[in-house]
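One structure below.
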Amino acid sequence: MCGFSAALATIGLPMAATAEKTGNPLFATAFMEGERFGMAILDSEGELLHRIALPGRGHDVTADSTGRHLVAFARRPGTFAVAVNRQKGSEPKVFACPPTRHFYGHGLFIDDDRLLVATENDYENGIGVLGLYDATDGFRRIGEWSSHGVGPHDLVMSPDGRSLIVANGGMETHPDFGRQILNLASMEPSLAFIDVADGSLKEKHTLPPDWARLSTRHMDITQDGQVFVGCQWQGEAAACPPLLLSFALGEDRREYDLGELAPRLDGYVGSVSVNQNEGQVAITSPHGDLAIMLDAGSGRVIGLQEGVDICGVAPLSGGFLTSSGTGRFGDHELKPIAFDNHILAL
C-alpha cells in the first residue's frame with residue numbers, strides 16, 4: 001500500500017480504547033505535519049492517541065454507526081480515500097474513485113453500515129454524483145447515483161434515515177486545473193433531498209438568481225430535521241448574501257442575519273456543527289479567524305471564539321471544541337501539526 005499502512009503512530013489503539021472506557025470523548029480529524037499528511041484520533045484534552053498516514057491532504061473523516069470504521073477522504077479534487085478498522089488494528093485500506101471522477105472530501109455510511117456514499121464529480125460531463133462503495137467488500141465501488149446538481153460537497157442523513165441531504169455547491173472543477181472554479185458565471189448551488197432507497201430526488205431547493213455564486217458547502221442537522229448549511233460566497237464582498245441558511249423537507253429556506261459579525265466571516269463558512277444536547281449550532285470561518293455559536297431554535301448569537309485559521313468544530317459537553325490550521329486543538333497547541341477543516345466526534 002505504498003508504505004501508508006506502515007505509518008501508524010507509536011501511540012496506538014489500546015490507549016484510544018482506554019480513553020473511551022474512562023468517558024473521555026474522542027475525535028477524528030485530518031492533519032498536516034510539514035510535508036506529511038494523516039488522520040488522527042485525539043481526546044478532548046488534545047492527547048494524540050492514534051494516527052494514520054494519508055497519501056495526500058485529507059479533508060473530512062466519516063465513521064459508521066458504531067465508530068469502529070473510519071474513512072478519510074482526499075481534499076477536492078483528490079481521488080483517494082483511506083479506511084481504518086479501529087478494533088481489529090488491521091492495515092488501513094487505501095481505495096480510489098474511478099477515472100473521470102474525483103472526491104469532494106465527504107461521505108457517510110448508509111444501509112446499516114454496509115454502504116459508503118461519497119460526493120464526487122463526473123468532471124467529463126460536469127455533473128455531480130454520489131459514489132457507492134461496498135463497505136463489506138473492501139470498499140469496492142458498485143455504482144453511483146446522481147447528486148441532482150453540480151459540485152456536491154457535504155451530505156447528511158435525515159433523522160428518520162430515509163433521506164440523504166446533499167449540498168450541491170454549484171462549482172464545476174477538474175483535476176487538471178486544481179481547485180479553480182470553471183463555471184463561475186453559471187454556478188447553480190442547491191440543496192437536494194434524495195431517497196436513500198434508490199437515489200431518486202424527493203425535493204430540491206435552489207437559491208435566488210442573484211445568489212448564484214453562494215456555494216452551499218458544509219452542513220449539520222438537528223434531531224427534528226432542520227439542516228443548517230454554511231456557504232461560501234464567490235462574488236463581490238459588498239453583495240454577500242447570508243452565509244448561514246437552514247432547510248427542512250417541505251419547508252421554505254430560512255436565512256440567518258448575523259448583523260455586524262457577518263462581514264467578519266469574509267464570505268466564507270468553513271465548518272458547521274450542531275450540538276444536539278445543547279440545542280446549539282456553530283459555524284467557523286478560517287478566513288475571518290472566527291467561530292460563532294447560535295441558539296438553533298431562534299438563531300440568536302450566544303457566543304464567539306476567535307482564533308487564527310479556526311475551522312474544525314465538533315460538539316462537546318456544554319458547547320463545542322474547535323481546531324485550527326495553526327495546530328490548536330481545543331485549548332491545546334500541537335505544533336508542528338496543522339489540523340484540516342473538519343472534526344468528527346466519535
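The values are calculated or read from the model by the stated rules, or taken from the named source; none is laboratory data. What you see is a predicted model; the values in this text were computed from it and never measured. Methodologically, a virtual Cβ is constructed for each residue, glycine included, from the backbone with ideal geometry; neighbour enumeration extends over all protein chains shown. Note: accessible area is taken over every heavy atom of the protein model, side chains too, but ligands, DNA and RNA are not part of it. Shrake-Rupley method; radii C 1.70, N 1.55, O 1.52, S 1.80 Å.
Summed over region 151-168, the residues that are part of a loop (DSSP other than H, G, I, E, B) and either polar (S, T, N, Q) or open to solvent by 10 Å² or more (accessible area, probe 1.4 Å) (or both) give a count of 5. Considering F103, F73, the condition of being open to solvent by less than 10 Å² (accessible area, probe 1.4 Å) and in contact with a Cys (Cβ under 9 Å, 6 or more places away or on another chain) is satisfied by F103 alone. Looking only at region 53-70, which residues are among the aliphatic types (A, V, I, L, M) and either assigned to a loop (DSSP other than H, G, I, E, B) or out of contact with any Gly (no Cβ under 6 Å at 6 or more places or on another chain) (or both)? Residues satisfying the conditions are V61, A63, L70. In region 262-302, the qualifying residues are those that are in a helix (DSSP H, G or I) and out of contact with any strand residue (DSSP E or B) (no Cβ under 6 Å at 6 or more places or on another chain), and the one that is nearest to Q226 (Cα to Cα) is A262. Within region 261-274, residues that are of a type in the set (D, E) have Cβ atoms under 7 Å from residues that are open to solvent by 10 Å² or more (accessible area, probe 1.4 Å) and not in a helix (DSSP H, G or I) in these pairs: D266/H287; D266/G288, counting only partners at least 6 apart in sequence or on another chain. For region 303-338, filtered to residues that are within 17 Å of the chain's Cα centre (by Cα) and outside any strand (DSSP E or B), the residue that is surrounded by the fewest Cβ atoms within 10 Å (Cβ to Cβ) is D309. Of all residues in region 194-203, those satisfying the criterion of being in contact with a Ser or Thr (Cβ under 7 Å, 6 or more places away or on another chain) and either open to solvent by less than 30 Å² (accessible area, probe 1.4 Å) or under 16 Å from S246 (Cβ atoms) (or both) are I194, G199. Cβ separations smaller than 8 Å between residues 6+ apart or across chains give the following pairs from region 24-50 residues that are free of Cβ contacts under 8 Å to residues at least 40 places away in the same chain to residues that are among the acidic types (D, E) and in a loop (DSSP other than H, G, I, E, B): N24/E45.
The set of residues in region 227-252 being closer than 18 Å to G169 by Cβ and surrounded by fewer than 16 Cβ atoms within 10 Å (Cβ to Cβ) is empty. Please indicate, with yes or no, whether at least one residue in region 169-189 is surrounded by fewer than 19 Cβ atoms within 10 Å (Cβ to Cβ), farther than 24 Å from Y123 by Cα and either without any contact (Cβ under 8 Å) to a residue 60 or more places away in the chain or aliphatic (A, V, I, L, M) (or both). Within region 169-189 (the criterion being surrounded by fewer than 19 Cβ atoms within 10 Å (Cβ to Cβ), farther than 24 Å from Y123 by Cα and either without any contact (Cβ under 8 Å) to a residue 60 or more places away in the chain or aliphatic (A, V, I, L, M) (or both)), the answer is no, since none of the residues qualifies.
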